[in-house]
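Below: one structure, written as C-alpha cells.
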Amino acid sequence: MNMSTQLLYNDFPTFLRKYFPYKVQKISLNAGFTCPNRDGTKGWGGCTYCNNQTFNPDYCRTEKSITTQLEEGKCFFAHKYPEMKYLAYFQAYTNTYAELEGLKRKYEEALTVDGVVGLVIGTRPDCMPESLLRYLEELNKYTFLMVEYGIESTCDETLKRINRGHTYADTVEAVQRTAACGILTGGHIILGLPGETHDTMVAQAEILSDLPLATLKIHQLQLIRGTRMAHEYDEAPDGFHLFNKVEEYIDLVIDYVEHLRPDIVVERFVSQSPKDLLIAPDWGLRNYEFVARLQKRMKERGAYQGKKYRDSEKRIIFADDKLTTE
C-alpha cells in the first residue's frame with residue numbers, strides 16, 4: 001500500500017532510486033578473504049563478537065567462484081522481481097585484504113556477470129592501501145561503487161576490548177581518503193558493545209556525523225555461539241547490557257538517529273543471525289517488523305533524523321520533506 005508520510009529518516013531504497021531507475025538487490029559474496037586480526041598480522045582470533053556464518057547465505061561459499069555465487073544469488077532473488085538488477089556485495093571478512101591484482105580480478109569478474117550493475121565492498125579502515133584506492137577511484141568512473149567500512153565504535157577502549165586491531169583515527173583517515181576520491185563511503189556500527197552506555201552511544205552519532213559518510217548501518221550487539229564474546233559473557237554476564245527488550249533498543253536507536261546528520265542514509269537498524277547460532281537478544285522479529293515498530297514509535301515521540309543534530313537549519317529542511325513509501 002502506498003501512503004504519503006513525513007520522511008522520518010533517510011532510507012536506503014530511496015537512496016538507491018537516485019542511482020537506478022529499477023530495483024536493485026545486493027548479493028552477498030564470500031571471496032575467500034581473511035582479516036589482519038585473524039592471520040597474525042595484527043592479532044589472532046578476529047573480533048570477539050564475530051562469526052561470519054551469521055551473514056553468509058547458503059549460496060555464499062568460498063569454494064564457489066564469484067560468478068557461481070552471483071548466479072545462484074540471482075536465482076534466489078529473481079522469482080520475486082524477474083527484472084531486478086544486482087550489486088555484488090563483497091561482504092565476508094576484509095574484502096580489500098589481498099594483493100592488488102588478485103583484488104582486481106575478483107571485482108572485475110563480478111562486474112562481468114549479467115545483471116550486476118555495481119559493487120559494494122566491505123572492509124576495515126586499516127586495509128585501504130593507496131594503490132587500491134587509486135584503482136577504485138578509476139573503477140568508480142564507470143560503475144556504481146560503494147566502500148563500506150566496519151567502524152563498530154568511535155571509542156578506542158572499546159575497539160581494543162573487542163580485538164578490532166585498529167583505532168578510530170584509522171577510521172577517520174580511511175573514510176576521509178575514500179570520500180575525497182568521490183567514492184560513496186558507508187559505515188557499520190554496533191550498538192551495545194560492552195562498556196558503552198546509552199549516553200556514549202548517542203554521543204557517537206554526533207562524532208560520526210563529522211565524517212563524510214553517505215550511508216550508515218546500525219546493528220544491535222548479538223551474542224553468537226562459538227565466539228570469544230559469548231565465552232566472556234558466560235564468565236562475566238554483568239559486564240554486558242543486552243537489549244533483551246526490543247522496546248529499549250528502539251528508543252536507543254531513535255535517540256541515536258535524532259543526533260545523526262540529516263543527510264546520512266540509514267541503511268539498516270538491526271541484524272538477523274541464524275536461530276541456531278544466536279544466543280541473545282532474540283526478539284523474534286523480521287527486519288520489516290522491526291522497522292514498522294520503529295516508525296510507529298518515532299511518530300509517537302515526534303522524532304525524526306537530525307532533530308537534535310547541531311545544525312538546526314538542516315533539521316527544518318529535512319522535517320518538511322515528504323516522500324511516498326511502500
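Filter the range 84-120 for residues that are part of a loop (DSSP other than H, G, I, E, B), under 30 Å from THR48 (Cβ atoms) and open to solvent by 20 Å² or more (accessible area, probe 1.4 Å) and give the result.
GLN91, TYR93, TYR97, ALA98, GLU99
What is the number of the single condition among (1) closer than 26 Å to ARG38 by Cβ; (2) open to solvent by 10 Å² or more (accessible area, probe 1.4 Å); (3) in contact with a strand residue (DSSP E or B) (Cβ under 8 Å, 6 or more places away or on another chain) that GLY195 does not meet?
(3)
Step by step: first the residues of the range 198-217, then only those that are surrounded by fewer than 22 Cβ atoms within 10 Å (Cβ to Cβ) and in a strand (DSSP E or B), then the one that is farthest from the chain's Cα centre (by Cα). Which residue is that?
Among them, the one singled out is THR215.
Find the residue count for the range 155-177, including only residues that are under 15 Å from ASP210 (Cβ atoms) and crowded, with 22+ Cβ neighbours inside 10 Å.
Adding up the residues that qualify gives 3.
Please work out which one of (1) modelled with pLDDT of 90 or more; (2) among the charged types (D, E, K, R); (3) crowded, with 16+ Cβ neighbours inside 10 Å is the condition ARG315 fails and give its number.
Looking at each condition in turn, ARG315 falls short on (1).
Hey, does the range 126-149 have a residue that's within 20 Å of the chain's Cα centre (by Cα), under 24 Å from TYR19 (Cα atoms), buried (at least 22 other Cβ atoms within 10 Å of the Cβ) and of a type in the set (D, E, K, R)?
yes
Looking at ARG268, ARG225, which is the one that is among the charged types (D, E, K, R) and touching a Lys or Arg at 6+ places or on another chain (Cβ under 7 Å)?
ARG268
Cβ-Cβ distance below 7 Å, separation of 6 or more or different chains: which pairs start in the range 247-272 with a residue that is in a helix (DSSP H, G or I) and end on one that is of a type in the set (Val, Ile, Thr)?
The qualifying pairs are VAL253/ILE218; ASP255/VAL202; TYR256/VAL202; TYR256/ILE218; VAL257/VAL266.
Just to be sure before I move on: is GLU206 more than 21 Å from THR14 (Cα to Cα), touching a residue at least 60 places away in the same chain (Cβ under 8 Å) and out of contact with any Asp or Glu (no Cβ under 8 Å at 6 or more places or on another chain) in the structure I sent?
Yes, satisfied.
Of everything in the range 279-311, what is open to solvent by 60 Å² or more (accessible area, probe 1.4 Å), out of contact with any helix residue (DSSP H, G or I) (no Cβ under 8 Å at 6 or more places or on another chain) and either in a helix (DSSP H, G or I) or in contact (Cβ under 8 Å) with a residue 40 or more places away in the chain (or both)? Give them in sequence order.
If the condition is that a residue be open to solvent by 60 Å² or more (accessible area, probe 1.4 Å), out of contact with any helix residue (DSSP H, G or I) (no Cβ under 8 Å at 6 or more places or on another chain) and either in a helix (DSSP H, G or I) or in contact (Cβ under 8 Å) with a residue 40 or more places away in the chain (or both), then TYR288, GLU289, GLN295, LYS296, LYS299, GLU300 are the ones that fit.
Got at least one residue in the range 141-148 being among the polar types (S, T, N, Q) and within 22 Å of ILE66 (Cα to Cα)?
Taking every residue of the range 141-148 in turn, at least one turns out to be among the polar types (S, T, N, Q) and within 22 Å of ILE66 (Cα to Cα).
Applying the selection to the range 130-174, what residues are within 21 Å of PHE90 (Cα to Cα), of a type outside the set (Lys, Arg), without any contact (Cβ under 8 Å) to a residue 24 or more places away in the chain and not in a helix (DSSP H, G or I)?
Matches in the range 130-174: TYR142 only.
Among the numbered criteria (1) more than 27 Å from ILE254 (Cα to Cα); (2) touching a Pro at 6+ places or on another chain (Cβ under 9 Å); (3) at pLDDT 80 or above, which one does LYS42 miss?
Every condition holds for LYS42 apart from (3).
Only residues in the range 74-85 that are touching a residue at least 40 places away in the same chain (Cβ under 8 Å) count as the first member; pair them with residues that are among the charged types (D, E, K, R) and in a loop (DSSP other than H, G, I, E, B), Cβ under 7 angstrom, at least 6 apart or cross-chain, and list the lot.
From residues that are touching a residue at least 40 places away in the same chain (Cβ under 8 Å), the pairs are TYR81/LYS23; MET84/LYS23.
Out of curiosity, is GLY182 of a type in the set (Gly, Ala, Ser), open to solvent by 10 Å² or more (accessible area, probe 1.4 Å) and touching a residue at least 40 places away in the same chain (Cβ under 8 Å)?
yes
Restricting attention to the range 228-246, which residues are in contact with a helix residue (DSSP H, G or I) (Cβ under 9 Å, 6 or more places away or on another chain) and in contact (Cβ under 8 Å) with a residue 60 or more places away in the chain?
Once the filter is applied, which keeps residues that are in contact with a helix residue (DSSP H, G or I) (Cβ under 9 Å, 6 or more places away or on another chain) and in contact (Cβ under 8 Å) with a residue 60 or more places away in the chain, the range 228-246 yields only GLU232.
The values are calculated or read from the model by the stated rules, or taken from the named source; none is laboratory data. The model shown is predicted, which means the values in this text are computed figures rather than measured ones. In this analysis, Cβ positions are derived from the backbone assuming ideal geometry, glycine residues included, and neighbour counts consider all displayed protein chains. Quick note on the areas: whole protein, heavy atoms, side chains included, nothing else; ligands and nucleic acids left out. Shrake-Rupley method; radii C 1.70, N 1.55, O 1.52, S 1.80 Å.
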